[in-house]
Amino acid sequence: MIDKELCIGCGDCLPVCPVGAIRLEAEYAEIDEEMCVECGVCYRAKRCTVEAFKQAPDLPWPRIVRRVFSDPNAAHSTTTGGWGRGTAEMKSNDVTGRYKRGTIGIAVEVGRPGVGETIRNIEKIAAPFARLGVEFEPLNPLTSLMEDTKKAIFKEDVKNERVLSAIIEFLIEPSRLEEVMEALEESSAAATETVFSVSMINRLDPDGSIPNMEALKKLGYRASPNAKINLGLGRPKADA
Ligand code: SF4
Ligand code: SF4
């Protein structure tokens, strides 16, 4: 929140907001409540010399959804049952062993970088994957906001909430890669103004090569490989 009594309308805070929700109105700055994703960056950046930014008190449901997905400092959420905008396992598979050899993890990161998106549009992107019958990761915070996880239908009261980013996450057999990529094209067509990136998560083969890259290339997609290396600090499950 911006205290209008304190704000001197200098405009220094405008570039700080990742989604451009702060505007200068006449003599003071104002936050566009619809655009704001409650990330807290404006408050933490301490750009304001007159300390006009005030942290909002506990946010009511469903507004709290914005903060849970957008503010990395938000406390562990009882709203979604988890931290942040996705599950950590994508990047720390060495601990849980969720992504086993012979499977592909798919993660669709909606709203990045620095654009944000509404749950309503995230629903449009998830729908074509639901039609394939995939199981959305139950521990993913986004899945917890779905009323019907089979159809990827979100709870009505959260649909207008806007978040900085959120991750649609599921596992597939490698033989389903082509139909998943076709569904991705459908998602893209259904949400034309939405920004998203897609990750294909694989465990390396014993010889160090990345599985499924050739199949992806044949489908016409170019991937940028990134690796998270197991340092032996985790405790994979026996069957991982
Ligand atoms: S909380 Fe985040 S989105 Fe909202 S105005 Fe501040 S910086 Fe912008
Ligand atoms: S930096 Fe502070 S004083 Fe300047 S426009 Fe923003 S809120 Fe107002």
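Do you know which of the residues in segment 125-156 that are under 13 Å from residue 170 (Cβ atoms) and of a type in the set (Asp, Glu) is farthest from the chain's Cα centre (by Cα)? Selected residue: 135.
Taking the conditions exactly as written (within 16 Å of ligand 2 (Cβ to nearest atom), outside any strand (DSSP E or B), at pLDDT 95 or above and within 16 Å of residue 161 (Cα to Cα)), does residue 10 satisfy them or not?
So residue 10 fails the test.
The residue of segment 20-35 that is farthest from ligand 2 (Cβ to nearest atom), among those that are open to solvent by less than 70 Å² (accessible area, probe 1.4 Å) and among the charged types (D, E, K, R), is 32. Only residues that are in contact with a helix residue (DSSP H, G or I) (Cβ under 9 Å, 6 or more places away or on another chain) and open to solvent by less than 10 Å² (accessible area, probe 1.4 Å) were counted in segment 137-164, giving 7. Filtering 115, 134 for residues that are part of a loop (DSSP other than H, G, I, E, B) and farther than 30 Å from residue 15 by Cα leaves a single hit, 134.
Of all residues in segment 13-54, which are assigned to a loop (DSSP other than H, G, I, E, B), farther than 16 Å from residue 162 by Cβ, modelled with pLDDT under 95 and near ligand 1 (Cβ under 10 Å from one of its atoms)? Across segment 13-54, the qualifying residue is only 45.
The values are calculated or read from the model by the stated rules, or taken from the named source; none is laboratory data. No experiment lies behind these values; they were computed from the predicted model shown. Positions of Cβ are generated from backbone atoms using ideal geometry, with glycine treated the same way; all protein chains shown enter the neighbour counts. Surface accessibility is based on the protein's heavy atoms, side chains included, excluding ligands, DNA and RNA. Shrake-Rupley method; radii C 1.70, N 1.55, O 1.52, S 1.80 Å.
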